[in-house]
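Only one structure is covered here, and it is reproduced in the block below.
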Amino acid sequence: MRVLVTGGAGFIGSAYVRHVLAAHPGDEVVTLDLLTYAGNPANLAELESDRRHRFVHGDIADAALVDGLVGECDAVVNFAAETHVDRSLLDPEAFARANVVGVMTLLDAARRHNRRMLQVSTDEVYGDIPPGTHSVEGDALLPRSPYAASKAGGELMCRAYAVSYGTETVVTRGCNTIGPRQYPEKVVPLFVTNALEDKPLPVYGDGQQIRDWLHAEDHAAAIDLVLRKGTAGETYNVGAGNERPNLEVVRAILARLGKPESLIAYVPDRPGHDRRYALDPGKLRRELGWAPRRDFMSTLNDTVDWYVANPGWWRAIREGQAFADYHERQYGWRLAAAGTLPAAAG
Ligand code: DAU
């Protein structure tokens, strides 16, 4: 089978491309990626000489380009997205464009060529989950940030195409994912790289927000299973069962790196910050036999160790103007200002 992987130069997308090529020796992959700030050719560098992989630079909202590529492939897996909640609070429109209009453009091509499309979505579409409960696939979608709303919009577009035109769609809703090559705006790579430079780790609010942590390789394996064996029209939660409050994750990072807890800096909370996400992954386990291979500590340590071993990868990003500008806008202090606490720290 030939799979079109959109957003394949990103973090989970590139893990997925590697997964397909390793797990299915007869398969080919075409990666389509716009290479915006988080798409990184270095994420696919090791595949340069692999004749089963082809890279195309372009936009999922480019209808003519997408139509040709979908026609050449047997299935589409869409990772292309704006993904960072904090950025969605700064620029919601970019999120609607990529995560709703982009998805619709892919669906149009999948419909025309009669191809299966998997939409990679998120546990954030369920909104804030009270303690003691877990989200199942039939629960209401109650997104609370522009990011989560745009991802819910993309999913609903898949549903509409499935119902209205009979397009074969499947949706996965993943929890917080970490591992090698994640852009260092997300909390774990941001905190690991800040700590390695002895800079403060800006914890939002009280740090007691709960997320469920999954390794990118486990996430990629789950997506592949749903692409090949999932029932058309269905949605599958991809949760690891590793619920942890943020502060516990931060302390585990510092302990792994041998850095002091004095690097923790409490800063004002994210507006509308969801306290907890918690998926029930039972459907994926029961129906398709998926389970993550790694536990929480192995997931976190593998991630931390990768950043320690690959400073060239993340320094190239952090030393760029775009990252420094975003960091200053978001946190109110320039990364280059070594060792100073953020102005907003309490
Ligand atoms: O739950 C799945 C989602 O996980 C994905 O759909 C998103 O694409 C991905 O960005 C992630 O969303 P989060 O908002 O949970 O991830 P983030 O790394 O931004 O934040 C994780 C937690 O850490 C959250 O409670 C906010 C907190 N945080 C984050 C940053 C960047 C901080 O305390 N300080 C920070 O500087």
Quick one: length gained pulling ALA42 to ALA232 fully straight, 0.36 nm per residue minus the C-alpha distance? 65.0 nm
Indicate, rounded to the nearest 5 percent, the antiparallel portion of the DSSP beta bridges found entirely in the chain. 10
Run the dipole for the chain about the Cα centre, Lys and Arg Cβ at +1, Asp and Glu Cβ at -1, nothing else charged, and hand back the magnitude in debye, nearest 20. 300
Top mean-square fluctuation among GLY205, GLY282, GLY320, Gaussian network model of the chain, C-alpha springs under 10 Å? GLY320
For a quick check, take a GNM of the chain with Cα springs below 10 Å and name the residue from TYR147, TYR326, TYR236 with the largest mean-square fluctuation. TYR326
Which number comes out as Rg/Rh for the chain once both Rg and the Kirkwood Rh are worked out on C-alpha atoms? 0.95
Let me spell out the model: positive unit charges on the Cβ of Lys and Arg, negative unit charges on the Cβ of Asp and Glu, origin at the Cα centre of region 207-265. What dipole size does that give, in debye rounded to 20? 160
Please state the relative contact order of the chain as a whole percent: Cα pairs under 8 Å, 6+ residues apart? 17
Radius 13 Å from Cβ of GLY166, net charge of other residues (Lys, Arg +1; Asp, Glu -1): +4
Computed P(r) (all Cα pairs; region 254-307; 5 Å bins; percent): 4, 12, 13, 14, 18, 19, 11, 6, 3, 0
At a Cα cut-off below 17 Å, give the lysines reachable from LYS229, other chains included and same-chain residues fewer than 8 away excluded. LYS283
Separation of alpha-carbon centers, region 102-117 and region 62-80, rounded to whole Å: 7
Once the Cβ-Cβ distance between VAL56 and LEU89 is put in as r, and R0 is 30 Å, what FRET efficiency do you end up with, to the nearest 0.05? 0.45
Where the convex hull is taken over the Cα atoms of region 46-144, what is its projected area averaged over directions, in nm²? 9.0
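Values quoted throughout were computed directly from the atomic coordinates according to the rules given, and no laboratory measurement underlies them. None of the values given here were measured: they were computed from a predicted structure. A quick note on method: Cβ atoms are made from the backbone with ideal geometry, for glycine too, and the neighbour counts reach across all protein chains shown.
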